[in-house]
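Undergrad: Just passing along the structure, written as structure tokens.
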Number of protein chains: 2
Amino acid sequence: MLDRVTTKDALPPEALDQIFRSARTYNAWTEGPIEDGVARALYDLLKWGPTSANCSPARFVFVRTPEGKAKLAELAMDMNRAKILAAPLTVIVGNDLDFAAKLPTLLPYAAETYQQYFSQPAVAEATAMRNGTLQGAYLIIAARALGLDCGPMSGFDNAGVDQAFFAGARIRSNFICSLGYGKPDSVFPRLPRLAFEEAARFA
Amino acid sequence: MLDRVTTKDALPPEALDQIFRSARTYNAWTEGPIEDGVARALYDLLKWGPTSANCSPARFVFVRTPEGKAKLAELAMDMNRAKILAAPLTVIVGNDLDFAAKLPTLLPYAAETYQQYFSQPAVAEATAMRNGTLQGAYLIIAARALGLDCGPMSGFDNAGVDQAFFAGARIRSNFICSLGYGKPDSVFPRLPRLAFEEAARFA
């Protein structure tokens with residue numbers, strides 16, 4: 001009897017295309033708002049991605065009002081400004097350095113032990129950055145899995161965005177990502193990737 | 001006429017379950033090796049995930065030999081040691097601080113401009129960590145999309161792993177992730193996640 005008890009099939013090729021192989025970064029968007037329910041459905045999917053000790057340090061601001069977009073665009077690099085103003089929604093992904101405060105909810109059986117561990121500032125900072133970024137990637141893939149297109153960007157004034165959107169909290173902006181239905185002609189030609197041998201090896 | 005030109009459907013519910021909602025972190029594995037082709041297929045999928053300026057800084061070591069596993073296990077926290085020894089494969093995800101050297105391949109039309117930008121050590125370090133971690137998350141989701149189970153871990157001696165597996169390169173270990181076919185009874189009870197209101201808001 002085989003010991004392999006949980007073989008799952010790969011997703012069908014079209015699904016792998018949608019979340020990875022033919023998914024592209026968009027730079028312009030079709031008109032029309034993204035409903036609040038879409039942002040909520042997106043969060044309810046990405047939240048299941050794994051983080052260390054379930055610490056879940058990412059915080060998300062879904063920027064959709066004209067005022068919010070203007071404020072964010074002003075803090076972005078020139079090349080990103082028009083994209084933010086045009087996108088129906090741009091989410092700011094931040095890392096909460098005080099994430100350990102929520103461990104009684106997230107890890108009830110070992111909250112105190114881990115809170116003590118994360119009370120070291122360098123550990124908290126590295127953990128927030130690593131796991132918050134994992135959650136940012138879950139957001140990108142979850143959006144694509146829900147049929148949305150993404151335009152992730154890291155060219156903006158991080159300290160300015162923290163001040164404007166996370167004032168009063170120890171949350172550090174990580175990257176931002178426009179969400180919507182992308183215009184196909186806004187996509188750049190596909191860039192090459194490293195071959196397996198350039199990026200990976202066996203040991 | 002609607003301006004919405006690229007509506008894609010969401011993946012079917014079973015696919016969303018497989019990559020997010022019912023995917024779990026496994027702590028024990030069924031017998032039997034993972035073929036080299038599986039690691040290559042995994043890389044060929046995750047490599048398409050977006051990174052800033054296509055910089056693709058993640059480097060992967062697929063540890064599968066008894067010697068490799070023993071070396072890695074010895075550098076891991078107690079709670080992770082047996083898991084590494086038992087898993088058919090554990091991948092070390094590292095961030096290459098010299099990632100900009102590959103920009104002539106990855107971003108041929110603007111390699112020099114970005115190499116100049118990334119020549120600032122703090123910029124290179126933040127970019128490597130952010131984008132290398134995104135790629136680490138793409139690995140987790142790509143593995144699940146291919147029907148594999150994951151056991152990500154960050155409890156190990158990073159400097160020791162760098163020395164043992166990335167000697168001679170400026171690659172910094174980020175996290176490690178066992179891959180295989182997980183034993184269902186090795187899964188802990190599902191932990192809660194933060195409600196939308198605790199982790200997100202509109203602006």
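Undergrad: Those residues that are in a helix (DSSP H, G or I) and of a type outside the set (Val, Ile, Thr), I need them from the stretch B:107-127; list them, please.
TA: B:ALA111, B:GLU112, B:TYR114, B:GLN115, B:GLN116, B:TYR117, B:PHE118, B:PRO121, B:ALA122, B:ALA124, B:GLU125, B:ALA126 - these are the residues of the stretch B:107-127 that are in a helix (DSSP H, G or I) and of a type outside the set (Val, Ile, Thr).
Undergrad: Only one of these is under 22 Å from B:TYR138 (Cβ atoms) and at pLDDT 95 or above: A:ARG21, A:ARG81, A:ARG40. Name it.
TA: Criteria check complete, one pass: A:ARG21.
Undergrad: Which of the residues spanning the stretch B:128-157 are in a helix (DSSP H, G or I) and among the hydroxyl-bearing types (Ser, Thr, Tyr)?
TA: Residues satisfying the conditions are B:THR133, B:TYR138.
Undergrad: Applying the selection to the stretch A:26-67, what residues are over 29 Å from A:ALA126 (Cα atoms) and among the small types (Gly, Ala, Ser)?
TA: The answer is A:ALA28, A:GLY32, A:GLY37.
Undergrad: Still on this model: Of all residues being over 30 Å from B:ARG81 (Cα atoms), surrounded by 18 or more Cβ atoms within 10 Å (Cβ to Cβ) and not aliphatic (A, V, I, L, M) in the stretch B:9-60, which is nearest to the chain's Cα centre (by Cα)? Just the residue, please.
TA: Filtering the stretch B:9-60 for residues that are over 30 Å from B:ARG81 (Cα atoms), surrounded by 18 or more Cβ atoms within 10 Å (Cβ to Cβ) and not aliphatic (A, V, I, L, M), the one nearest to the chain's Cα centre (by Cα) comes out as B:GLY49.
Undergrad: Now for a separate question. Quick one: which residue in B:ALA122, B:ALA82 is over 23 Å from A:ALA128 (Cβ atoms), out of contact with any helix residue (DSSP H, G or I) (no Cβ under 6 Å at 6 or more places or on another chain) and surrounded by fewer than 19 Cβ atoms within 10 Å (Cβ to Cβ)?
TA: Of B:ALA122, B:ALA82, the one residue that is over 23 Å from A:ALA128 (Cβ atoms), out of contact with any helix residue (DSSP H, G or I) (no Cβ under 6 Å at 6 or more places or on another chain) and surrounded by fewer than 19 Cβ atoms within 10 Å (Cβ to Cβ) is B:ALA82.
Undergrad: Give the stretch B:44-82 a look and list any residue that's among the polar types (S, T, N, Q) and closer than 30 Å to A:TYR117 by Cα, or say none.
TA: Passing the criteria: only B:ASN80.
Undergrad: Just for helices (runs of 4 or more DSSP H) wholly inside the stretch A:1-106: which have at least 1 residues that are aliphatic (A, V, I, L, M) and facing another protein chain (nearest Cβ under 7 Å)?
TA: A:13-16, A:36-46, A:103-106
Undergrad: Can you work out which of the residues in the stretch B:131-157 that are closer than 13 Å to B:ASN80 by Cβ and in contact (Cβ under 8 Å) with a residue 40 or more places away in the chain is farthest from the other protein chains (Cβ to nearest Cβ)?
TA: It comes out as B:ASP157.
Undergrad: If A:GLU112 satisfies all but one of (1) touching a helix residue (DSSP H, G or I) at 6+ places or on another chain (Cβ under 7 Å); (2) over 14 Å from A:CYS177 (Cα atoms); (3) surrounded by fewer than 24 Cβ atoms within 10 Å (Cβ to Cβ), what's the number of the condition it fails?
TA: Unmet condition: (1).
Undergrad: Follow-up question, since we're still on this one. Take B:PHE196 and tell me if it is farther than 30 Å from A:ARG64 by Cα and among the hydrophobic types (A, V, I, L, M, F, W, C).
TA: For B:PHE196, the condition - farther than 30 Å from A:ARG64 by Cα and among the hydrophobic types (A, V, I, L, M, F, W, C) - is not met.
Undergrad: Further question on the same structure: So B:LYS183 fits all but one of (1) at pLDDT below 95; (2) touching a Pro at 6+ places or on another chain (Cβ under 8 Å); what number is the exception?
TA: Of (1) at pLDDT below 95; (2) touching a Pro at 6+ places or on another chain (Cβ under 8 Å), only one is false for B:LYS183: (2).
Undergrad: List pairs: first in the stretch B:76-90 and touching a residue at least 24 places away in the same chain (Cβ under 8 Å) and of a type in the set (A, V, I, L, M), second assigned to a helix (DSSP H, G or I) and buried (at least 19 other Cβ atoms within 10 Å of the Cβ), Cβ under 6 Å, 6+ apart or cross-chain?
TA: Taking only residues 6 or more apart or on different chains, the pairs are B:ALA76/B:ILE84; B:ILE84/B:LYS69; B:ILE84/B:LEU72; B:ILE84/B:ALA73.
Undergrad: Please enumerate the residues belonging to the stretch B:158-197 that are in a helix (DSSP H, G or I) and within 7 Å of another protein chain (Cβ to nearest Cβ).
TA: If the condition is that a residue be in a helix (DSSP H, G or I) and within 7 Å of another protein chain (Cβ to nearest Cβ), then B:PHE165, B:PRO184, B:PHE196 are the ones that fit.
Undergrad: Next question. Kindly indicate which of B:ASP149, B:ASP185, B:ASP162, B:ASP157 is within 16 Å of the chain's Cα centre (by Cα) and of a type in the set (Asp, Glu).
TA: B:ASP149
The values are calculated or read from the model by the stated rules, or taken from the named source; none is laboratory data. In this text, all values refer to a predicted model and were calculated from it rather than measured experimentally. So basically every Cβ, Gly included, is an ideal-geometry build from the backbone, and we count neighbours across all protein chains shown.
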